[in-house]
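Engineer: Below: one structure in structure tokens.
Laboratory data are not the source of any read-out in this text; all were calculated from the coordinates shown. The model shown is predicted, which means the values in this text are computed figures rather than measured ones. For neighbour counting, all protein chains shown are included, and Cβ atoms are generated from backbone atoms with ideal geometry for every residue, glycine included.
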């Protein structure tokens with residue numbers, strides 16, 4: 001009986017070892033947000049953050065589509081080096097490029113370099129990629145391996161970087177793009193897949209899913225709403241002529257003094273039109289002019305009325 005129990009124990013240990021040895025290495029894509037090289041979880045309006053997209057452990061990687069989703073009312077993609085926001089429209093293969101390729105791209109394959117490339121127009125149906133849509137909040141990115149032999153991607157390698165400007169308060173919602181986002185010409189497909197990975201057949205079965213880690217970010221700053229509080233105002237197009245608006249500020253987790261005052265000011269064609277000074281968390285309603293398109297809204301959180309030192313601010317002018 002004892003021999004039987006010992007045999008059963010060894011059998012279970014051996015089976016577990018075989019299962020563990022045959023378990024595939026976790027395929028993972030990481031999206032990390034940093035400011036000045038440090039990982040961040042909270043940001044403020046006006047700051048620039050860098051989003052890094054990297055991959056870990058992919059065998060026989062033929063091509064990848066690491067497209068990103070983002071909330072365009074909170075973040076906007078800016079030009080590398082100049083930090084100037086790209087237009088709020090769909091841009092296919094824009095110049096200058098809105099991204100920078102990471103160490104995993106280009107050159108010759110090595111244990112530290114997958115050596116991927118951006119397909120030329122027409123190659124792999126790629127005439128529209130890479131693309132940027134600052135209007136709807138999507139980055140379209142399609143990349144291929146250096147050859148038909150589909151070399152592996154070992155360890156963790158950075159694919160590309162994108163710089164964002166924080167333009168509003170809320171959740172930037174930076175993550176892998178999904179087919180259900182219904183963005184224009186987004187190659188990421190539906191099903192259980194959140195990420196399109198093509199692996200050369202018949203070396204291994206095609207991979208249709210990877211583990212994703214996305215940044216948990218919150219942008220602090222004042223927000224503007226229409227009078228009924230249902231419409232968040234991020235652009236002038238969100239407001240009707242003559243409509244009333246107000247500003248709010250959520251200072252949770254912020255060191256906001258009791259003397260703080262929230263101010264909303266409306267300008268009509270460059271001329272001062274309307275304003276209100278509230279407490280530290282909200283203002284009263286102010287009316288917009290009839291000609292919305294030439295208007296401008298400015299919101300400030302001052303430390304106090306004596307020094308008028310701005311702590312947070314937001315501008316809506318288009």
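Engineer: For the stretch 210-258, what percent of Cα pairs sit more than 15 Å apart?
Structural biologist: So the pairs more than 15 Å apart make up 60 percent of the total in the stretch 210-258.
Engineer: Quick check on the exposure proxy: order 82, 248 from fewest to most C-beta atoms within 10 angstrom.
Structural biologist: 82, 248
Engineer: Using the C-alpha gyration tensor of the stretch 270-318, what are the square roots of 5 times its eigenvalues, in whole angstrom, with the largest one first?
Structural biologist: Its equivalent ellipsoid spans semi-axes of 22, 12, 9 Å.
Engineer: Would you mind computing Rg(Cα) / (2.2 N^0.38 Å) for the stretch 211-318, counting N as its residues?
Structural biologist: Its radius of gyration relative to the 2.2 N^0.38 Å reference: 1.14.
Engineer: Using Cβ contacts closer than 10 Å as the measure, can you line up 31, 166 from fewest to most?
Structural biologist: Going from least to most buried by this count: 31, 166.
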